[in-house]
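K.L.:
Okay, handing you the structure first.
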Amino acid sequence: MKRREFIRKGAVAGVGTYAATKLGIPKLGAARQKAASGPVVLSTWDFGLRANEVSWKLLSAGSNSLDAVEQGIWVVENDPAITSIGYGGLPDETMKVTLDAAIMDWRMNCGSVGCIEGIKNPISVARKIMERTKHVMLSGSGAHDFAVAHGFKPEDLLTDESRKTWLNWKENMSDRDDWVGPHDMDDLTDNHDTIGLLAIDKKGRISGGTSTSGMAWKIHGRVGDSPIIGVGLYVDGKVGAAASTGVGEANMRIVGSFLVVESMKNGQTPQEACETAIRRAIEVHSKQIKADKQFQLAYIALSRTGEAGGAAIRKGFQYAMYKDGINKLYDAKYLYTQ
Ligand code: ASP
């Protein structure tokens, strides 16, 4: 009897393996068995280092990855010196600060907020939408009202610094209007970034989040890629997660974060998967990339086993990883060299 049972179990296991191979996900077998050991945090840009610190501390104390993502992102949202996210984010062309954010966990729960005004922590509004509504995304005044109903305090997110930067932009836009400025364009170049933060907790559960004020001087009402599930952020608890930063419109055309996670599902490493999406973006946007030296798009990816990757169109993108007790900044590989 025992032997028969052993054979039957073996046969069932064999069928499982065959089915996975037929579906084109042979490498997943290993990924499914081996969850990451200990916490891992991966985030975009150098400000990610500070966000990682908070997330790591929470994860080390046993928090789940969703809390770690939300509270890591708070660090960047709350810092007025970071002019592309949350409080102090540069405004749109009408001098209004509008914010985008998204959050997703290992169980496919997700929430996001687009073009919200006057709320400092859009990542938490996104989480509320995820946990307290049947929707995934709210935008504009509806999102604001929802946040207020949940006790978020409306506040002015325009700092004096970002107002002055806006004024500089306005005055230098054209010499055929009636605004006259000091013609100092220096602080106008670095005008968009996103915090994307992916985390794995001690139990191997992966979550991710994004938050940004989007492109400075954008048309009022513009929503970028960051709050769109599958574009700016995607998490598949059985595979891994990805997030993006850069020109949101370029990312929308290729549904980049989903492409990264799906490529991992099909057997690519996080690094290979990021490069797959960047190659696709370059293919689709070759003219714009050639014409505009600032045209940038980048991805970070984390497999549920704790392997990380990052890639960008151009040189300059950095990501921060906290793993095995070390928090470190990495230069991402870039694929456009002309
Ligand atoms: N992806 C953001 C947006 O398009 C901006 C950025 O990350 O640079 O809104």
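K.L.:
Would you kindly derive the ³J(HN,Hα) couplings of region 252-261 from the backbone phi angles with the Karplus curve 6.51 cos²θ - 1.76 cosθ + 1.60 (θ = phi - 60°), listing them in order in whole Hz, with x for Gly and Pro?
P.N.:
4, 5, 10, 6, x, 5, 5, 4, 5, 5
K.L.:
Would you mind calculating the gained length between Gln288 and Lys315 on full extension (0.36 nm times residue separation, minus the Cα-Cα distance), in nm to one decimal?
P.N.:
Additional length available on full extension: 8.1 nm.
K.L.:
OK, next. Go through region 237-248 residue by residue and turn each phi into a ³J(HN,Hα) via Karplus (6.51, -1.76, 1.60, θ = phi - 60°); whole Hz please, and just put x for glycine and proline.
P.N.:
So the Karplus estimates, Gly and Pro as x, are x, 8, 10, x, 9, 8, 9, 10, 8, x, 5, x Hz.
K.L.:
Return the inverse of the average 1/r over all pairs of distinct C-alpha atoms in the chain, which is the Kirkwood hydrodynamic radius, in Å to one decimal.
P.N.:
Computed over Cα pairs of the chain, the Kirkwood hydrodynamic radius comes out at 20.5 Å.
K.L.:
So how much slack lies between Lys333 and Lys57, counting 0.36 nm per residue of separation and subtracting their Cα-Cα distance, in nm? Could you put the intermediate results ahead of the total?
P.N.:
On the way: separation 276, 0.36 × 276 = 99.36 nm, distance 2.84 nm.
Going from the current span to full extension adds 96.5 nm.
K.L.:
I would also like to ask the following. Sort Asp105, Asp79 by accessible area with a 1.4 Å probe, largest first.
P.N.:
Asp79, Asp105
K.L.:
Taking only DSSP H segments of four or more residues, each worth -39500 (n - 2.57), what value at 222 nm results for the chain once the sum is divided by all its residues, to the nearest 500 deg cm²/dmol?
P.N.:
Taken over the chain, the calculation gives -11500 deg cm²/dmol.
K.L.:
Here is a further query. Quick check on the chain: of the DSSP beta bridges with both residues there, what percent are antiparallel, nearest 5%?
P.N.:
90 percent
K.L.:
Set the Förster distance to 30 Å, then compute FRET efficiency between Arg280 and Met108 from the Cβ-Cβ distance, nearest 0.05.
P.N.:
Using R0 = 30 Å, I get an efficiency of 0.80.
K.L.:
Which log10 I(q)/I(0) values, to two decimals, does region 176-299 give at q = 0.15, 0.19 Å⁻¹ under the Debye formula with one point per Cα?
P.N.:
-0.72, -1.03
K.L.:
Right, another one. Quick one: accessible area per residue over the chain, 1.4 Å probe, rounded to a whole number of Å²?
P.N.:
Each residue of the chain exposes 47 Å² on average to a 1.4 Å probe.
K.L.:
On a full-extension model of 0.36 nm per residue, what is the gain between Asp324 and Met252, subtracting their alpha-carbon distance, rounded to one decimal in nm?
P.N.:
Values: separation 72, 0.36 × 72 = 25.92 nm, distance 3.39 nm.
Fully extending the segment from Asp324 to Met252 adds 22.5 nm.
K.L.:
Can you give the relative contact order of region 250-338 as a percent, counting alpha carbon pairs under 8 Å and 6+ residues apart?
P.N.:
Value for region 250-338: 25 percent.
K.L.:
Right, something else. Which whole-number percent is the relative contact order of the chain (Cα, under 8 Å, 6+ apart)?
P.N.:
Relative contact order of the chain: 21 percent.
K.L.:
So, one more: Counting only protein heavy atoms, what percent of the accessible surface of region 272-338 is carbon or sulfur at a 1.4 Å probe?
P.N.:
45 percent
K.L.:
Further question: Which log10 I(q)/I(0) values does region 225-279 give at q = 0.16, 0.24 Å⁻¹ under the Debye formula, counting every alpha carbon as one identical point scatterer?
P.N.:
Log10 of I(q)/I(0), two decimals: -0.37, -0.81.
K.L.:
Further question on the same structure: How much accessible area does Asp46 have with a 1.4 Å probe, in Å² rounded to the nearest 10?
P.N.:
In the full protein context, Asp46 sits at about 90 Å².
K.L.:
I want to check the label-to-label distance for Val148 and Thr133. Put each point 7 Å from Cα in the C-beta direction and report it in nm to one decimal.
P.N.:
Label-label distance for Val148 and Thr133, simple model: 1.5 nm.
K.L.:
Across region 202-218, in residue order, what do the Karplus-derived ³J(HN,Hα) couplings come to in whole Hz, using 6.51 cos²θ - 1.76 cosθ + 1.60 with θ = phi - 60° and x for Gly and Pro?
P.N.:
So the J values, rounded to whole Hz, are 4, 8, x, 8, 10, 9, x, x, 9, 7, 6, 9, x, 7, 4, 6, 4.
The values are calculated or read from the model by the stated rules, or taken from the named source; none is laboratory data. Keep in mind it's a predicted model, so treat the numbers as computed, not measured. Cβ coordinates were reconstructed from backbone atoms using ideal geometry, including for glycine residues, and neighbour counts include every protein chain displayed. The protein model used for the area step is the full one, side chains on, heavy atoms only, and it has no ligands, DNA or RNA in it. Shrake-Rupley method; radii C 1.70, N 1.55, O 1.52, S 1.80 Å.
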